[in-house]
Amino acid sequence: MSPPTRRLAELSDRALALRAQDGDPDAFDVLIDRHQGRLFRIAYLVLGDRQDSEDVVQETLLTAWKRLHLLEDPDAVRAWLAQICSRRATDIARRRARRATDAHRPEDLHRHRDPSSRADPAHASEVNAQMRALAQVLATMDPDLRACWTLREIDGMSYRQIAAALDVTESTARGRIARARTHVIDYMKEWR
Amino acid sequence: MDGPSRPGDPHDDQATRNYLEHIAALHRDWDELESRGDDSVQLSRRARSALSEAVRADARHGARVDMPPTHIGPYTLTELALRTLIRDTIDDIDGVVSLRTTIDYDPGRGWNSRGLPRRVECHISAVETTPDLPGLAEQVRSAVRGACARELDLPDLPIDVHIEDLHEH
C-alpha cells in the first residue's frame, strides 16, 4: 500500500523519481501531476496545436515511465522530462515545416492537416488566448529557435540545461535564444 | 544572467521592458489557470486519466526470483512484487517513506531469473523531526526482516537501512 497521495505530494522530485524507479506507479502519478502543465506549455509553444501537444505530453510521460530505470541522476528528472518533450515536439515541428515546403503528393492530401483549421473559432476556444497569440508568433520562427526560446523563457532552464536537452553547444543555445527574443520583441512592437 | 528573462533591469530599452513584462504576465496567468485546473493550459481530464491507466498497465515486472519452495513445490515471484512487499512494509511505519530497495541475489538459473535473495538494502526518507534516527533505522530493519520471514519464509535475511533523505511531514 502506497502512502496517501497527500504524503507523496510532499516529497521532492528526487524522492518521487526513486520510488517510481522502484516500481511505484502512485509516485509517478504525482510526478505527472507536478510536471504535465509545464510540459504542455513547452509542447504547445513549439507546435501551436492543442491536440498534438496533448499527444506529445502523453508520449513524453509514458516514455519516461518506460525508461525511468535509465535515469541515472534522479535529481535531474525535471530537466530529463523537458528534454524528452522538447525533442519530440521539435521533431514534429520540423517534419511539419518540411512537409509545408514539399510539393504536395496526391497521397499526402488526405493526411495533411490544414493549417487554417487552427484558426477555427471552435478549435481556438480550447486554448488560452495569450498562449495562442504567443504560439502564433513563435510559429513564424524555425522550430529549433522556438524550442530554445520556450525552454529558456517559459520553462526557466539555464543555457547549460538547454544545450544538454537539445543536444547543441551552449553558445548555439545562447545564439538561438537571442535571435528568438529579438524576433518576439519585434512582433510585440507591432501589437502596440 | 543564467535564468529566464525578468523585468526590472534599468538598462533595458522600452521594447525589452514591454517584452519582459508580457512574459511575466503570461507566467502569472498560466500559473493561475493551471492551479484552477483549467484544461486550456494542461492535459484534459480524459487524457490525464488515460495516461494513469497506461502507466499502470506498463509496469516493469523485472526478473523472476526464486523463493524457498513450499511443501507443495517450488515457486517464484517477480522483482517488482518483492520490492512492493518491502516498500509497503516500510511505508506502514510512522514517519518513514520508502525510496528504493536494492536486493542481492544468488545466481539465477537462466536469463531473466534470480536465485534466492541474499541481502536487502532499503533506502528511505525519514521525517526531519525524528528524534532517534538509529532507532528508526532499527525499526525499519526489524519490520522488513519480519515481513520477509513471515510472507516469504526468508528468515534472518540481512537488511541494510540507508536514510537517504529527510522530509518535512
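Throughout, read-outs are computed from the coordinates displayed, never taken from laboratory work. Owing to the predicted nature of the structure, the values given are computational and were not obtained by experimental measurement. In this analysis, Cβ positions are derived from the backbone assuming ideal geometry, glycine residues included, and neighbour counts consider all displayed protein chains.
Below, the figures for the structure above:
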read-out	value
Net charge of Cβ neighbours under 11 Å - reference B:R83; Lys, Arg +1; Asp, Glu -1	0
Point-charge dipole on Cβ atoms (K/R +1, D/E -1) for the range B:12-164, about Cα centre, debye to 20	840
Cβ-derived FRET efficiency at R0 25 Å, B:D92 paired with B:I72, nearest 0.05	0.25
CD proxy at 222 nm, helix term only [per DSSP H run n ≥ 4: -39500 (n - 2.57); per residue of the protein assembly as shown; nearest 500]	-18000 deg cm²/dmol
Sorted by Cβ neighbour density within 10 Å, fewest at the top, the residues A:M157, B:M67	B:M67, A:M157
Cα shape, the protein assembly as shown, gyration tensor, a/c 1.5 rule	prolate
Label point 7 Å beyond Cα of B:A63 along Cβ direction - residues of the range A:3-47 with amide nitrogen under 18 Å	A:22-23
Degrees separating the helix B:79-91 axis from the principal Cα axis of chain B, which is the longest one	70
Charge-dipole axis of chain B as Lys and Arg at +1 and Asp and Glu at -1 on Cβ define it, positive-most pick from B:A126, B:S98, B:L82	B:L82
q = 0.26 Å⁻¹: log10 I(q)/I(0) that the Debye formula gives for the range A:25-92, counting C-alpha atoms only	-1.17
Gyration tensor verdict on the range A:1-63 (Cα atoms; rounded if a/c is under 1.5, prolate if a/b is larger than b/c, oblate otherwise)	prolate
Neighbour-count ranking [beta-carbon atoms within 10 angstrom, fewest first] of B:I159, A:I185	A:I185, B:I159
For the range B:40-169: rounded, prolate or oblate by the Cα gyration tensor [a/c cutoff 1.5]	oblate
For B:H167, residues with placed amide H under 5 Å, excluding near neighbours	B:A126, B:V127, B:E128
Ranked list, fewest to most other Cβ atoms within 10 Å of each Cβ, for A:V46, B:V161, A:V56, B:V127	B:V127, B:V161, A:V56, A:V46
Simple Cβ-charge dipole of the range B:14-56, Lys/Arg +1 and Asp/Glu -1, about Cα centre, in debye nearest 20	180
Cα-projected label distance for B:A50 with A:E59, points at 7 Å along beta-carbon direction, nm	1.4
